[in-house]
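The values are calculated or read from the model by the stated rules, or taken from the named source; none is laboratory data. From a predicted model like this one, the values you see are computed outputs, not experimental measurements. Here the Cβ positions follow ideal geometry from the backbone for every residue, glycine too, while neighbour counts run over all protein chains shown.
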Amino acid sequence: MTWIFLVVGAAGALIGILFRGSTLLAASCVIAIASIATAQLLGFSGQRTFLTTLYLVLTLQGTYLVGLFLAALLHRSAASRHLR
């Protein structure tokens with residue numbers, strides 16, 4: 001189960017670096033639908049399904065912010081090299 005959080009976190013960081021908000025919205029919807037469907041197939045309770053889905057979406061969005069911050073730092077450092 002831990003590996004899925006690592007995969008979602010990496011996807012969130014990549015979305016933050018490469019893409020913008022509309023991609024994050026689409027990825028959040030895909031993760032929510034896939035998480036709910038998978039949890040139902042595995043027979044998870046409603047509460048566990050909700051919490052797992054919530055944690056996955058929060059992981060995606062949190063790492064998106066980290067990726068966005070990294071993209072801003074990379075952009076800023078590249079711009080400062082051109083000014084020298």
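Here are the numbers for this structure:
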quantity: Within the stretch 44-69, tally of residues that are more than 9 Å from the chain's Cα centre (by Cα), within 20 Å of Thr2 (Cα to Cα) and among the aliphatic types (A, V, I, L, M); calculated: 3
quantity: Qualifying positions in the stretch 11-38 - over 16 Å from Tyr55 (Cβ atoms) and surrounded by 14 or more Cβ atoms within 10 Å (Cβ to Cβ); calculated: Ala13, Leu14, Ile15, Gly16, Ile17, Phe19, Thr23, Leu24
quantity: Checklist (1) at pLDDT 95 or above; (2) within 14 Å of the chain's Cα centre (by Cα); (3) surrounded by fewer than 13 Cβ atoms within 10 Å (Cβ to Cβ); (4) not hydroxyl-bearing (Ser, Thr, Tyr) applied to Leu41, failing item; calculated: (2)
quantity: Residue in the stretch 3-24 that is outside any helix (DSSP H, G or I) and at pLDDT below 95 present; calculated: yes
quantity: Number of the exception - Cys29 against (1) under 11 Å from Val57 (Cβ atoms); (2) modelled with pLDDT under 95; calculated: (2)
